[in-house]
Amino acid sequence: MTRTIRYGIAGTGMMGLEHIQNIALLEDAETTATYEPDPKQRQIAAARVPKANQHDSFDALVEDDSIDCLVIASPNYLHMDQLEGALARRKIPVLVEKPLFTHPADRVRLDRLMASNPNVWVAMEYRYMPPIATLLERAAEVTGGIKMLTIREHRFPFLEKIGDWNRFNRFTGGTLVEKCCHFFDLMRLMTGAEPSRVMASAGQAVNHRDERYLGQIPDIWDNGYAIVEFPHGVRAMLELCMFAEGSRFQEEITAVGPLGKIEARVPGPTRFWPAHLGAPPIAEVVISPRTPKGPQTVDVPVDQRLLEAGDHNGSTFYQHQRFKEFVLRGGLPDVSLHDGKMAVLMGLAAQQSATEGTAVALTVEEKPDGTATRLAEAAS
């Protein structure tokens with residue numbers, strides 16, 4: 001008999017609703033409980049999943065016997081508190097949104113959680129975008145081993161969120177943590193290595209400068225560059241611009257090695273594409289071997305239902321397919337707490353580098369299993 005996996009959702013804002021919409025597209029899966037303190041968002045969630053229990057507290061959601069797993073999609077600064085609270089009350093698989101934490105001091109709390117080997121999966125959706133997944137699958141073969149990696153995101157400004165929390169560094173961790181931890185995660189995944197040094201330049205040039213919230217001026221950055229060095233002469237670069245929503249593609253990822261180059265080009269959310277321009281662009285992968293020369297472009301279409309169910313090129317659905325298998329069968333998550341931790345530490349190092357105008361070295365830390373990993377001095 002097939003088992004239906006029942007989800008609890010903490011936070012039904014923009015990302016929480018995207019999770020609900022994609023869970024609804026899965027076979028043998030449903031959202032059975034939610035927690036959302038904002039009255040308007042509670043109403044919206046109730047319309048999407050009218051049979052789900054609506055709870056007045058996070059603790060009540062966690063203790064609801066109708067759920068088999070938990071998705072934490074609350075504002076960034078709540079992730080660690082809620083993750084700790086959930087794991088203290090119940091041994092349940094958790095999918096926690098990025099960034100895993102927002103402040104350097106949270107690393108100590110996270111290390112304590114990691115010591116107990118909880119069933120936690122960090123939501124790094126970009127790994128599952130079909131064009132990026134294709135790049136990940138073929139990069140080693142096409143490049144002969146990545147030596148240079150470039151990630152460009154030219155996109156729209158930060159959207160409006162409940163309570164305007166995403167306008168301030170103290171709630172988000174800073175743009176290079178909040179927005180860019182996805183890309184630092186991809187850098188580690190694609191190079192198969194831990195970073196050794198981070199250099200960044202970033203700031204607030206255009207967006208939110210004339211906005212005021214309770215008399216406070218937003219301090220969130222809207223553009224930047226970050227260079228990350230890895231062992232064996234491997235380098236990666238991030239270019240972020242959040243006032244470039246007129247672009248045909250939102251993300252462009254390029255990996256180059258001794259044999260050739262592979263690129264993934266990902267359009268932005270379908271709902272933002274102007275109707276007068278016709279059909280939205282289709283994601284594509286471009287393979288450019290050195291010998292014989294001649295780029296090969298392959299379209300990577302995504303099911304329209306998935307494009308309409310969220311803003312991440314279908315990746316939230318594919319992530320949930322994998323997470324559902326994790327809930328059913330156990331094993332190791334695709335994206336571990338260690339992966340989530342390192343993505344944040346790289347972002348914090350980039351924030352420090354851009355603020356201080358210095359390169360931030362990373363130090364080696366021994367892990368309990370005897371292996372070594374690098375931790376940003378910025379977060380120690």
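The values are calculated or read from the model by the stated rules, or taken from the named source; none is laboratory data. Just so it is clear, the structure is predicted and the values come from calculations on it, not from any experiment. Note that we place each Cβ from the backbone using ideal geometry, even for glycine, and neighbour counts take in every protein chain shown. Heads up: the accessible areas ignore ligands, DNA and RNA and are worked out on the full protein's heavy atoms, side chains in. Shrake-Rupley method; radii C 1.70, N 1.55, O 1.52, S 1.80 Å.
For region 68-84, how many residues are outside any loop (DSSP other than H, G, I, E, B) and open to solvent by 10 Å² or more (accessible area, probe 1.4 Å)?
5
Every residue in region 156-180 that is of a type in the set (Lys, Arg) and surrounded by fewer than 21 Cβ atoms within 10 Å (Cβ to Cβ), please.
161, 170
Just name the residue that is surrounded by the most Cβ atoms within 10 Å (Cβ to Cβ) out of those in region 198-218 that are closer than 21 Å to residue 229 by Cα and among the small types (Gly, Ala, Ser).
It comes out as 200.
Test residue 188 against the criterion of being touching a strand residue (DSSP E or B) at 6+ places or on another chain (Cβ under 6 Å), within 15 Å of residue 362 (Cβ to Cβ) and not polar (S, T, N, Q), and give yes or no.
When the stated conditions are applied, residue 188 does not pass them.
Applying the selection to region 289-305, what residues are farther than 16 Å from residue 132 by Cα and surrounded by 13 or more Cβ atoms within 10 Å (Cβ to Cβ)?
Selection gives 289, 290.
Looking at region 258-283, which of the residues that are farther than 19 Å from residue 131 by Cα and touching a residue at least 60 places away in the same chain (Cβ under 8 Å) is least open to solvent (accessible area, probe 1.4 Å)?
Step by step, filter region 258-283, then rank; the result is 258.
Quick one: how many residues across region 203-236 are of a type in the set (Val, Ile, Thr), touching a Ser or Thr at 6+ places or on another chain (Cβ under 7 Å) and more than 22 Å from residue 154 (Cβ to Cβ)?
1
Could you tell me which numbered condition residue 115 fails, if it satisfies all but one of (1) of a type outside the set (S, T, N, Q); (2) under 20 Å from residue 346 (Cβ atoms); (3) out of contact with any helix residue (DSSP H, G or I) (no Cβ under 7 Å at 6 or more places or on another chain); (4) surrounded by fewer than 19 Cβ atoms within 10 Å (Cβ to Cβ)?
Of everything listed in (1) of a type outside the set (S, T, N, Q); (2) under 20 Å from residue 346 (Cβ atoms); (3) out of contact with any helix residue (DSSP H, G or I) (no Cβ under 7 Å at 6 or more places or on another chain); (4) surrounded by fewer than 19 Cβ atoms within 10 Å (Cβ to Cβ), residue 115 misses just condition (2).
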